[in-house]
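Q: Got a structure for you, written out below as structure tokens; questions coming shortly.
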Amino acid sequence: MVQPTPVRVIAVTGGKGGVGKTNISVNLAVSMAEMGRRVMLLDADLGLANIDVVLGLHPQYDLSHVLSGEHSLEEVVLQGPAGIRVVPGASGVQQMAELSAAEHAGLIRAFSDVGNDLDVLIIDTAAGISDTVVSFSRAAQELIVVVCDEPASITDAYAMIKLLNREYGLDRFRILANMTRTAEEGRNLYNKMCRVTDQYLDVMLTYMGSIPYDENLRKAVKSQKPVVQANPRSHIAKIFKNLAQKADNWPVPDGASGHLQFFVERLIQYTSQGGEMGR
């Protein structure tokens, strides 16, 4: 019997809208799939979902149908580029943006039914710091905070980190600078974040890297394709592929966190059977 390995769960967040979370989520997902990983991409914006638009997909059903019990999670999953499986969020369904804690928990547990043939789940969270964003961020193992070099983005990213740390005990965050003009700008942005968090919070920030502004990405978005497929030899495509390699090498967690998590059964089973992280 093949021992189950944990599903790597990565949430991409940032607080402010417009910082590029969705494009980052899509291109990371496709890059990891092209590395041979079995990837699922969850559009966790439950009010204004847009991954289906970015990828030119046409969902018949979405997470609102899962929550209502009309369809199973497997039935709403779409096939995306490079074989990724896309879970469309709801768009224009107000009650989906105002779910209770029990409803969030029900959605997170629903993923256990699709985890057997999965290596990676990437969650594209909504903008802001709503209960939905917090629930999905807490249920992930890794949290990528996307930041741009503008005051509102830095302020919102800090507010997100502060909330998750002080209210929910999360203490590890990976900072990804987006739409930078130079590599140095990305590193300076990370250092700026560190100076504030070191002073006021007990957290560890890790610099994941920077993504430059690139016209190829804009063209890919217009053609409804991930840039790693629309222009795989472009500089930005290579950056996404490098970031995916980095993420693939992150250590798996050394056990359940104690709060609600995606695929927690797989994690517990792997640890109890003496997987690498259980040694």
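Q: Does segment 174-190 hold any residues that are open to solvent by 30 Å² or more (accessible area, probe 1.4 Å) and within 17 Å of the chain's Cα centre (by Cα), and which are they?
A: Once the filter is applied, which keeps residues that are open to solvent by 30 Å² or more (accessible area, probe 1.4 Å) and within 17 Å of the chain's Cα centre (by Cα), segment 174-190 yields only Arg174.
Q: Here are Asp117, Asp113: which of them is of a type in the set (D, E, K, R) and outside any helix (DSSP H, G or I)?
A: Step by step, each of Asp117, Asp113 is checked, and only Asp117 is of a type in the set (D, E, K, R) and outside any helix (DSSP H, G or I).
Q: Quick check: is even one residue across segment 128-143 part of a strand (DSSP E or B), touching a residue at least 60 places away in the same chain (Cβ under 8 Å) and open to solvent by less than 70 Å² (accessible area, probe 1.4 Å)?
A: Yes, segment 128-143 contains a residue that is part of a strand (DSSP E or B), touching a residue at least 60 places away in the same chain (Cβ under 8 Å) and open to solvent by less than 70 Å² (accessible area, probe 1.4 Å).
Q: Can I ask one more? Among what's in segment 78-117 and is at pLDDT 90 or above and surrounded by fewer than 19 Cβ atoms within 10 Å (Cβ to Cβ), pick the residue that is nearest to Asp45 (Cα to Cα).
A: Filtering segment 78-117 for residues that are at pLDDT 90 or above and surrounded by fewer than 19 Cβ atoms within 10 Å (Cβ to Cβ), the one nearest to Asp45 (Cα to Cα) comes out as Gln79.
Q: Can you tell me which residue in segment 1-33 is farthest from Asp214 (Cα to Cα), limited to those that are modelled with pLDDT under 90 and open to solvent by less than 10 Å² (accessible area, probe 1.4 Å)?
A: Applying the filter and picking the extreme gives Val7.
Q: Go through (1) assigned to a helix (DSSP H, G or I); (2) open to solvent by less than 30 Å² (accessible area, probe 1.4 Å) one by one and return the number of the condition Ile122 breaks.
A: It fails just one condition, (1).
Q: Check Asp171 against each of (1) under 24 Å from Pro6 (Cα atoms); (2) open to solvent by less than 50 Å² (accessible area, probe 1.4 Å) and name the one condition it does not meet.
A: (2)
Q: Say whether the condition of being outside any helix (DSSP H, G or I) and of a type outside the set (Gly, Ala, Ser) is met by at least one residue in segment 217-224.
A: Yes, some residue in segment 217-224 is outside any helix (DSSP H, G or I) and of a type outside the set (Gly, Ala, Ser).
Q: So, one more: Kindly provide the set of residues from segment 39-54 that are outside any strand (DSSP E or B) and either modelled with pLDDT under 90 or more than 11 Å from Val86 (Cα to Cα) (or both), ordered by number.
A: Across segment 39-54, the qualifying residues are Asp45, Leu46, Gly47, Ala49, Asn50, Val53, Val54.
The values are calculated or read from the model by the stated rules, or taken from the named source; none is laboratory data. Because the structure is predicted, anything quoted here is derived from the model rather than measured. Ideal geometry is used to build each Cβ from the backbone, glycine not excepted, and the neighbour counts take in all protein chains shown. Only protein heavy atoms, including side chains, enter the accessible area calculation; ligands, DNA and RNA are left aside. Shrake-Rupley method; radii C 1.70, N 1.55, O 1.52, S 1.80 Å.
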